[in-house]
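Have a look at the structure below, then the notes.
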Amino acid sequence: MALYKLGTIFANGPVSEEKKVKALNPILISGKEVLPLIEGGKGINASDGRSSGAWAHENCVGTFSGVSPDYYDEKGNVLFERYFKKDRKSRHEEMVEQSIKGCLAQAKIAHEISNGQGRIHMNMLWELAGSQQILTSVLEQAKGLIHGVTCGAGLPYNLGELASRFSTYYYPIVSSARAFQVLWKRAYKNFVEFLGGVVYEDPWLAGGHNGLSNAEDPNQPQTPYLRLVELRKTMNELGLKETPIILAGGVWSLKDWEDYIDNPDIGKIAFQFGTRPMITKESPISDAWKKLMLQLKKGDVILQKFSPTGFFSSAIKNTFLERLIERKNNEIQFSHEKTEEFSEILKLSETKVVYIRSSDSAKAKIQIEKGFTEIKETPDNTVVFLTPDEWVQMKEDRKNCVGCLSQCQFSAWSQAKGNSGRLPDPRSYCIHKTLYDVSHNGSIVDNLLFAGHQVYRFATDPLYRNGIPSVKELIEKIKAGY
Ligand SMILES: Cc1cc2nc3c(=O)[nH]c(=O)nc-3n(C[C@H](O)[C@H](O)[C@H](O)COP(=O)(O)O)c2cc1C
Ligand code: SF4
């Protein structure tokens, strides 16, 4: 039955709206009985104190992002991130300092708006450089304001120990039963009390970074139902029968997921919404971004691997992404030595040449003729073609790196070593710069816009026909099955 429902989602879009959805019963989340409806955390500043506070106010769970959140002056004006130091390591420390201020500011706002209702969670990207330092400092200073921490992108082994130290519930985000089992065996089995739930984030449907493993094919989505049943089976075997699973990725209307509610094979379940809450009055994203999402069609969101984290991610196919795709499509393999196979010279600069296959000569020539005259090596013995302006911008972005990731493929920054020693990858981009820019009214054309694959449903969903709903209105509709 559940498989049929999944088929419906993929093949035909929303299921019929005639039937009312099963009633949702409150469940225990982060120490309180709340409705099992959760706003997913979205960085940078795409979910914040205002949105998470509004979700909590409706006796649900709101999640603000802990990645470079906004902080304010005494008058409530946003204080934009500022960097004064010359070297990357020092700028990384400035970034951490400002992130802590931002998290505390957002936690306070969320707490005030929630009026003590629901639960407030904070989301942290584990691969963020300094994530543990930020979390420790924030949980130390925000006692009583943050009830749970969700954490994905990587394997957050230390999350259990860190959150438990502050009596805060923790929620690893995984995309398979296997990933959870690894975390459990190595770390979480010693921190059972504060394991609040396990977020299953579907890697083929969810917006943002996606946890596809090397064994999984981005073009061959698997049914979330079977993967959830496997996760529940694993959790039951580990003695976690009462621990909820939080389903994230592709959740729009609960009608699509009705077979997952009160299903003994899945057990306690809550639903996390990432993309749908982005068009609400309380959502902090720009009006232009909201307007764009209201017009998208099926296929306008693509799963790709350009992120400097090395993870797959799902984002809107705009000029920013199209240019990365084009660059990748025109990539050419080379050899440093002339061989029978790599026989044609390609000049990279006045002093450097490489050798390419003769079959790639025409491709290179076309690129150069089109003005993509800056030819840059990737770490995989390939070259890509950039315009002089793109190359100037890329150098500038690398120069301004603030060391936001533990390992960055774009700039070769490494938190542990200062420099990873790998060649910076010109097929990638500075994720900090672009997400920060778009979250502060930056271009929706020339920046990365994360979104889930169900985003096209905004265009036909009657809830958005007469304007932008409030979080309260959205939650009422979700509860009613719309
Ligand atoms: C704009 C955007 C930014 C996101 N940023 C993060 C993030 O920083 N950390 C994280 O764990 N998940 C992030 N997510 C994932 C969401 O929290 C949520 O799990 C996901 O969007 C659910 O799938 P859906 O978009 O189909 O509802 C992001 C999603 C979107 C759309
Ligand atoms: S270059 Fe990489 S590490 Fe540096 S700020 Fe940008 S995304 Fe972060």
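The values are calculated or read from the model by the stated rules, or taken from the named source; none is laboratory data. Being a predicted model, the structure only gives us computed values, none of them experimental. Note that each Cβ is placed from the backbone with ideal geometry, even for glycine, and that neighbours are counted across all protein chains shown.
Brief remarks on what is shown
- Wholly enclosed strands (runs of 3 or more DSSP E) of the range 154-266 bearing at least 2 residues touching a helix residue (DSSP H, G or I) at 6+ places or on another chain (Cβ under 7 Å): 169-174, 198-201, 245-248
- Hits in the range 91-126 - residues which are part of a loop (DSSP other than H, G, I, E, B) and surrounded by 24 or more Cβ atoms within 10 Å (Cβ to Cβ): GLY118
- The set of residues in the range 407-427 that are in a loop (DSSP other than H, G, I, E, B) and exposed (fewer than 14 other Cβ atoms within 10 Å of the Cβ) comprises ALA416, LYS417, GLY421, ARG422.
- Residue match in the range 72-91 (condition: touching a strand residue (DSSP E or B) at 6+ places or on another chain (Cβ under 7 Å), in contact (Cβ under 8 Å) with a residue 60 or more places away in the chain and of a type outside the set (Lys, Arg)): yes
- Residue identified as within 26 Å of PRO69 (Cβ to Cβ), charged (D, E, K, R) and not in a loop (DSSP other than H, G, I, E, B) among LYS291, LYS281: LYS291
- If you filter the range 104-119 down to residues that are among the hydrophobic types (A, V, I, L, M, F, W, C) and either within 13 Å of ligand 1 (Cβ to nearest atom) or touching a strand residue (DSSP E or B) at 6+ places or on another chain (Cβ under 6 Å) (or both), you find that the one that is farthest from GLY403 (Cα to Cα) is ALA110.
- Every pair of residues 6+ apart whose Cβ atoms lie under 9 Å, when the first sits in the range 341-357 and is outside the structural domain of ILE375 (by TED's automatic domain parsing) while the second is small (Gly, Ala, Ser) and assigned to a loop (DSSP other than H, G, I, E, B): none
- Identity of the residue in the range 19-50, basic (Lys, Arg) and either touching a helix residue (DSSP H, G or I) at 6+ places or on another chain (Cβ under 8 Å) or part of a helix (DSSP H, G or I) (or both), that ends up surrounded by the fewest Cβ atoms within 10 Å (Cβ to Cβ): LYS19
- Criterion (within 16 Å of ligand 2 (Cβ to nearest atom) and touching a strand residue (DSSP E or B) at 6+ places or on another chain (Cβ under 9 Å)) met by exactly one of GLY160, GLY154, GLY196: GLY154
- Complete set of residues in the range 34-48 that are over 9 Å from the mean Cα position of the chain (by Cα) and near ligand 1 (Cβ under 7 Å from one of its atoms): GLY40, ALA46
- Within the range 428-443, the set of residues being surrounded by fewer than 21 Cβ atoms within 10 Å (Cβ to Cβ) and more than 23 Å from TRP413 (Cα to Cα) comprises HIS440, ASN441, GLY442, SER443.
- Residue in the range 69-83 that is farther than 16 Å from GLY49 by Cβ and either surrounded by 12 or more Cβ atoms within 10 Å (Cβ to Cβ) or β-branched (Val, Ile, Thr) (or both) present: yes
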